[in-house]
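What follows is one structure encoded as structure tokens, with my remarks underneath.
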Amino acid sequence: MDPQIEDGQSVLVSGLPYWFKTPQINDIVAFKDNSDKVLVKRISKIQNGKYFLEGDNKNDSLDSRKLGSFSKDRIIGEIILKL
């Protein structure tokens, strides 16, 4: 899969969509990792209330395969616009 967002590209993030629905598989979200760094990844699995977040560039992505799954409170919002 080609990356949907290029490295360094600006995006608009909104938490509003998740006031009305829960995050879904294939949503692209901004979230805070365990060191509070903001990352953008795609939800690939949801299990036991945790979200498994993966980058589209599977060969070179710091994501849940290395960091583990994340709870919903770590998700800032959904990417609603690529600038």
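Can you say whether Gly49 is exposed (fewer than 15 other Cβ atoms within 10 Å of the Cβ) and in contact with a strand residue (DSSP E or B) (Cβ under 7 Å, 6 or more places away or on another chain), as far as the supplied structure shows?
For Gly49, the condition - exposed (fewer than 15 other Cβ atoms within 10 Å of the Cβ) and in contact with a strand residue (DSSP E or B) (Cβ under 7 Å, 6 or more places away or on another chain) - is met.
Test of understanding: among Val13, Val29, which residue is open to solvent by less than 50 Å² (accessible area, probe 1.4 Å), assigned to a strand (DSSP E or B), within 17 Å of Lys72 (Cβ to Cβ) and out of contact with any Phe, Trp or Tyr (no Cβ under 6 Å at 6 or more places or on another chain)? Before the answer, list the steps.
Numbers: Val13 fails: open to solvent by less than 50 Å² (accessible area, probe 1.4 Å).
Just one listed residue meets the conditions, Val29.
Look through segment 68-83, keep the residues that are assigned to a helix (DSSP H, G or I) and exposed (fewer than 15 other Cβ atoms within 10 Å of the Cβ), and return whichever of them is nearest to the chain's Cα centre (by Cα).
Among them, the one singled out is Lys72.
Looking at segment 52-63, is at least one residue of a type in the set (A, V, I, L, M, F, W, C) and exposed (fewer than 12 other Cβ atoms within 10 Å of the Cβ)?
No, segment 52-63 contains no residue that is of a type in the set (A, V, I, L, M, F, W, C) and exposed (fewer than 12 other Cβ atoms within 10 Å of the Cβ).
Of all residues in segment 32-41, count the ones that are among the charged types (D, E, K, R), open to solvent by 40 Å² or more (accessible area, probe 1.4 Å) and not in a loop (DSSP other than H, G, I, E, B). Lay out the reasoning, then the answer.
Within segment 32-41, the subset among the charged types (D, E, K, R) is 32-33, 36-37, 41.
Then keep just the ones that are open to solvent by 40 Å² or more (accessible area, probe 1.4 Å); that gives 32, 36-37.
Of the ones still in play, those that are also not in a loop (DSSP other than H, G, I, E, B) are 32.
Of the residues in segment 32-41, 1 are among the charged types (D, E, K, R), open to solvent by 40 Å² or more (accessible area, probe 1.4 Å) and not in a loop (DSSP other than H, G, I, E, B).
The values are calculated or read from the model by the stated rules, or taken from the named source; none is laboratory data. Being a predicted model, the structure only gives us computed values, none of them experimental. Glycine gets a Cβ as well: all are built from the backbone with ideal geometry, and neighbour counts include every protein chain shown. For accessibility, only protein heavy atoms count, side chains too; no ligands or nucleic acids. Shrake-Rupley method; radii C 1.70, N 1.55, O 1.52, S 1.80 Å.
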